[in-house]
Amino acid sequence: MIDRISREMVALVLGSRVSPESGHITQLCVHPEYRRRGLARNLINLAASCFLRQGVSEISLTVTEANTDAIDLYRAEGYGCAHSFDATVWLRNRTA
């Protein structure tokens, strides 16, 4: 989504069809200044509509446990936790 005045990108959703039956929301981002305006909800529903028109029967996404706002949103939109796993965060040393 593009801000109408500044013409800057403020939100985006990326998805991938991983099989004929399955779509995956790979990325959902909303600029912090634009949160709590329904953009993420609209983008999730847009992605789901696109996937469903392609005939998928399941839609998945991945979110870190620390992102409780996103988890609350996904639950409100009907998503449930199907699998939980540990993840490792890698940081690059900026002095290298």
Legend entry - For peptides 76-86, 46-56, sequence by mean Cβ density within 10 Å, most packed first: 46-56, 76-86
Legend entry - the chain - Rg (one decimal) and Dmax (whole number), Cα, Å: 15.3, 49
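Rounded to the nearest angstrom and ordered from largest down, what semi-axes does the equivalent ellipsoid of the range 1-55 get from its C-alpha gyration tensor (root of 5λ)? Could the numbers behind the result be given before it?
Working: eigenvalues 122, 19, 18 Å².
Rounded to whole Å, the semi-axes are 25, 10, 10.
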Legend entry - Amide H within-cut-off set for residue 18, under 5 Å, with H built and near neighbours excluded: 23, 24
Inset, instruction - Using +1 at the Cβ of each Lys and Arg and -1 at the Cβ of each Asp and Glu in the chain, identify which of 93, 68, 52 lies farthest towards the dipole's positive end. - result: 93
Legend entry - Per-residue [θ]222 nm for the chain (sum of -39500 (n - 2.57) over DSSP H runs n ≥ 4, rounded to 500): -8000 deg cm²/dmol
Inset, instruction - Would you work out the charge dipole size for the chain about its Cα centre, treating the Cβ of every Lys and Arg as +1 and the Cβ of every Asp and Glu as -1, and quote it to the nearest 20 debye? - result: 360 debye
Legend entry - Added length on full extension, which subtracts the Cα-Cα distance from 0.36 nm per residue, residue 57 to residue 26: 9.5 nm
Inset, instruction - Provide the net charge surrounding residue 66, with neighbours chosen by a C-beta distance below 14 Å and charges set as Lys +1, Arg +1, Asp -1, Glu -1. - result: -4
Inset, instruction - Averaging over all projection directions, find the projected area of the Cα convex hull of the range 30-76 and quote it in nm² with one decimal place. - result: 3.7 nm²
Legend entry - Given charges at Cβ of Lys, Arg, Asp, Glu: the chain dipole, positive-most of 13, 1, 30: 1
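Rule-based calculations on the coordinates, nothing more; no lab input. Predicted, not measured: the structure shown is a model, and the values here were computed from it. Neighbour counts run over all protein chains shown; Cβ positions are idealised from the backbone, glycine included.
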